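What follows is a short report on a single structure.
The values are calculated or read from the model by the stated rules, or taken from the named source; none is laboratory data. The structure displayed is predicted, hence computed values, not measured ones. Methodologically, a virtual Cβ is constructed for each residue, glycine included, from the backbone with ideal geometry; neighbour enumeration extends over all protein chains shown.
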């Protein structure tokens with residue numbers, strides 16, 4: 001696998017991390033260096049680790065998860081998207097506002113955006129392609145694209161104000177729908 005091919009795969013896998021980062025930042029939920037670092041680090045780390053896990057699992061795991069991995073990503077993204085929209089529209093949520101740059105919400109987003117990387121690792125393992133260079137490239141590109149999404153989303157937040165969190169939640173749900181469509185309707189075409 002050439003370096004150019006690896007970079008194209010990495011870029012394709014980082015689109016979800018970019019979109020989620022854009023949504024989170026546009027909702028005003030990734031303000032400051034620490035939240036931006038946590039988001040980009042976790043997205044990059046999970047995108048780095050998932051191909052390695054997939055590669056190590058090889059052909060054993062692939063048949064077990066191939067039929068429903070996209071549904072897991074869908075459920076996780078819809079869950080976080082709905083929580084984002086509810087925390088903005090429910091004034092009683094107050095101090096319990098969702099922070100997608102911390103805790104289980106961050107882990108949920110990182111897993112949801114990196115499930116496709118697990119499948120890439122499975123494929124590379126079946127093709128007997130060394131995993132370290134592709135995995136490192138995937139992680140670095142995902143982390144970088146996440147930072148780009150945060151930078152762009154921060155600018156959108158100023159434009160859309162309070163509605164941005166609801167828009168961000170809707171974006172996560174649209175990403176979830178795109179994942180399912182790509183694996184079911186479009187994948188069978």
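If the condition is being modelled with pLDDT of 75 or more and surrounded by 18 or more Cβ atoms within 10 Å (Cβ to Cβ), then region 54-72 contributes 54, 55, 70.
Here is a list: 122, 109. Which entry is part of a helix (DSSP H, G or I), modelled with pLDDT under 85 and buried (at least 16 other Cβ atoms within 10 Å of the Cβ)?
Testing whether each residue is part of a helix (DSSP H, G or I), modelled with pLDDT under 85 and buried (at least 16 other Cβ atoms within 10 Å of the Cβ) leaves just 122.
Across region 96-106, the qualifying residues are those that are over 15 Å from the mean Cα position of the chain (by Cα) and assigned to a helix (DSSP H, G or I), and the one among them that is modelled with the lowest pLDDT is 96.
Just so you know, in region 153-189 the residues that are at pLDDT 70 or above and outside any helix (DSSP H, G or I) include one that is surrounded by the fewest Cβ atoms within 10 Å (Cβ to Cβ), and it is 185.
Taking region 132-143 as the range and being over 12 Å from residue 9 (Cα atoms) and crowded, with 18+ Cβ neighbours inside 10 Å as the test, only 143 passes.
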